[in-house]
Structure formats: C-alpha cells, structure tokens
1. Can you classify the range 214-369 as rounded, prolate or oblate using the Cα gyration tensor, where a ≥ b ≥ c are the square roots of its eigenvalues, rounded means a/c under 1.5, and otherwise it's prolate if a/b beats b/c and oblate if not?
2. Over 28 Å between Cα atoms, which of Lys91/Lys304; Lys43/Lys74; Lys312/Lys364 qualify?
3. Relative to the present Cα-Cα distance, how much length would full extension add between His42 and Glu197 at 0.36 nm per residue of separation?
4. Ignoring any ligand, DNA or RNA, what whole percent of the accessible area of the range 232-366 comes from carbon and sulfur when the probe is 1.4 angstrom?
5. Using only DSSP helix segments of four residues or longer, with each worth -39500 (n - 2.57), what per-residue ellipticity at 222 nm results for the chain after dividing by its residue count and rounding to 500?
6. How large is ³J(HN,Hα), in whole Hz, for each residue of the range 246-251 in order, when computed from phi with the Karplus curve 6.51 cos²θ - 1.76 cosθ + 1.60 and θ = phi - 60°, using x for Gly and Pro?
7. What length, rounded to one decimal in nm, is gained on full extension from Ile293 through to Glu209, with 0.36 nm per residue of separation minus their alpha-carbon distance?
8. Filter Lys16/Lys341; Lys310/Lys375; Lys6/Lys341; Lys173/Lys315; Lys53/Lys114; Lys5/Lys196 down to the pairs with a C-alpha to C-alpha distance above 32 Å, please.
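The values are calculated or read from the model by the stated rules, or taken from the named source; none is laboratory data. Remember, it's a predicted structure, so these values are computed and weren't measured experimentally. The protein model used for the area step is the full one, side chains on, heavy atoms only, and it has no ligands, DNA or RNA in it. Shrake-Rupley method; radii C 1.70, N 1.55, O 1.52, S 1.80 Å.
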Amino acid sequence: MPTYKKLFVTIKATLKCNLGCLYCYGRDNHSIAREMDDEEIHKALLFILEYAKLKGVNNITLCWHGGEPFLLAKRMPAILDFARNLFKSEKIDCSFVTQTNAVLLTPANYDLIKNYFDNSVGVSLDLYSNFRTFPNGQLSSDIVINNIDKAIESGIKLSCINLITQHNLHRIKDIYQFYKERNMTVRLARVFPIDKEYNPSDVMYVTAEEFAGAMNEYFDLWANDPEPASNFDIIHLIGDLLLGRASICFREYNCTERYMALCPGGDIYSCAEFDVPESIIGNFLTQSPQTFIASDARQLLFKKAPIPEKCKSCKYETICYGACLRERFMLKYPFRCETNKLHWDHVVEWLATKGCSLFMLRGKSKDEIVDVMTKIFNR
C-alpha cells in the first residue's frame, strides 16, 4: 500500500447515544450500548502510534465520534492528555476533532472544546424536519438550536452537517439564512439508506434530482450573496472542479488507505460509517499493527465494492471515483452519483461566468492557482 504522511482516525469510544434519530446510519448502535474503558482507549492509541511509525505518518487527526462522544466528557481530558503526550513523544503532530449531536453542547463542556478541540466542533442537525428525536420520540431540535446559539455566543466555532428530507426540502432559503446568521459553514446531506432494501417513498428520503435541486438552490444563494457565510465545502468543491482532484474522503480513489475507524471490542473499519460485521478489516486488540498492515482485508473490501466501469468514461472521474465506498458496499451502486453530476454541472456553469472551465488549473503552479481562486472569490 502507498505511504500517506497524513492519517485520519475515528475513535468510536462509545456507541451510546442520547438521541434515537430515525435516519442515523448507526441507529441500531445505541441498543448495543458498547463503550471503551480507558484501558481499551489507551490500547487503541498505542496501536495507532505504532501503525503511524511503520507507515511513516507524521500527521494524525483523531476524530472522537460515537454514538455521542460528549457522553464521555468527564473522562476525555485525561484521555486526550494521554494521546497528546503519546504522539508528541514520537514527534508526530496530532490534532483532535469531534462531531456531536449538540445535546451536550453546553457550558459544562466549553472548556473541553476550547482546550482540546481548537475551540471548534462539528454538529449535526435537520432544520425544519421531524426525525431528530430522543429515544422517547421527543424532538431535539429546539434544544440543539439553543445550545448552538449559546456556544457561538461563547466564541466556539461551529460547522454543521444538515440533513435534507421531504420535510425541509422546500425550505432551503430558510436553512441558508439560519447558517448565514450564525456564520457557520454547512454541508447539506441526503439521508443515506441503511441497506438496499430501504423504502424510497419514505419522507425521510429525497430523490437524487430533488437533492441536486436543493444543492443548486443553496449554492446560488451563496454565490449571489455579497456577504455569505464561509462555506469550506463549497470552496473545496470549486477547487476540485478546477484542479481535477478529490479533497474529501468519500470521493478519494481508495479512502481505505488514509482513513480508519476503531470501535469498542477492537474492531477496525475503513471509516466511521461502516459498522456491519462483513466490513471489518481488522482488530486492534487481537492484531499487531504489523499484522494489520500485512493483511489484505482493505483491498478485499475495495474489491467487493469496485468503482463502476461506467465511471471511467465520466468527465468527473478524477474528483469522484465512484463516490463513497460504503455506499457502493452497502447498496451495490454509487448512491450519490446522479446528484453529484447534476450539482457539479450547475457549479461548472457558474464557473464559466467567471471565465473558468473544468480542470483548468490541473498542473498549474501555486501562484497561478492562488491568482485564479482569488479572482473567483473577490466579491
């Protein structure tokens, strides 16, 4: 396998969650309620360290995920200090990120966020939709929005993944305004089926065409706004369309080479969204890093979900590569494909109004790239 200097590792220290959102890809995990104790987390971190040394990695991002990671908030400072000192001792840069459902995004956890997560946290939401619930069915959105506003007032930087369903599909302008007022970067996401037997008529789901329409509407609001909120997702996409490369995990050629997720019980997956037994690629409690590296499990996983042959003739191949591996693995086809093409065609048309064309910066110097990107975003 190629050597990558940067590694992104998700640590699912707990599968417990204080919500029971109907659309969550891990919606069955809360019933399992498995959780790592401190000893298991230390073993996971030592495994990552040895793996990094063997692969020549010099930069690691540890994403604390779940379940709901802030359920472990009281334990986290000691755990994160251990991790920070461990990687520092081997001169490996290590940073922490986290993704929360924001129910516990409260003043009690502000110091944790400011001291360990660079004063920044990712949240998830489904504005104007009714699927984000507590296990008893109570909606959580009002609590979460209140927590988001108070966190922003305290100086915490927030980004968000906002799910689009039939409930909020026609409120894109309201969604845009919500995040603009809070100066939050946001990624719109389409609810992902848990398996290929899903019912597409369920109001949780929108069609590829509907989601592309929502994405295009949001993009137009952003592109035509003289003072938009920062949106790194849009900026990265524009860069990819000009440079001809993928900048985000679910569009990389073989994400299994640079990402992994460690879970309670030792199971290793290629990312946080894999959680079925047939997608396990290793175990940090029963394998050494050397054995894990020598295993062909990752390659076999990729072979079970190959990039479709038709992708080779697609003009967007080099920024997509068949889209998300998990989607191909679970559904047997690239779920994002049609939405991506419809949305990217729309953005390319906008770029043409800026005097730009698809992949025009491929192979160009850094100065040329900076010059073109500056002109595009000079409002």
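1. Verdict is prolate for the range 214-369.
2. Lys91/Lys304
3. Between His42 and Glu197, full extension yields an extra 52.0 nm.
4. Carbon plus sulfur share of accessible area: 56 percent.
5. The helix contribution divided over the chain gives -11500 deg cm²/dmol.
6. 8, 10, 9, 3, 7, 10
7. Extra length available between Ile293 and Glu209 comes to 26.2 nm.
8. From the list (Lys16/Lys341; Lys310/Lys375; Lys6/Lys341; Lys173/Lys315; Lys53/Lys114; Lys5/Lys196), the Cα-Cα distance tops 32 Å for Lys16/Lys341; Lys310/Lys375; Lys5/Lys196.
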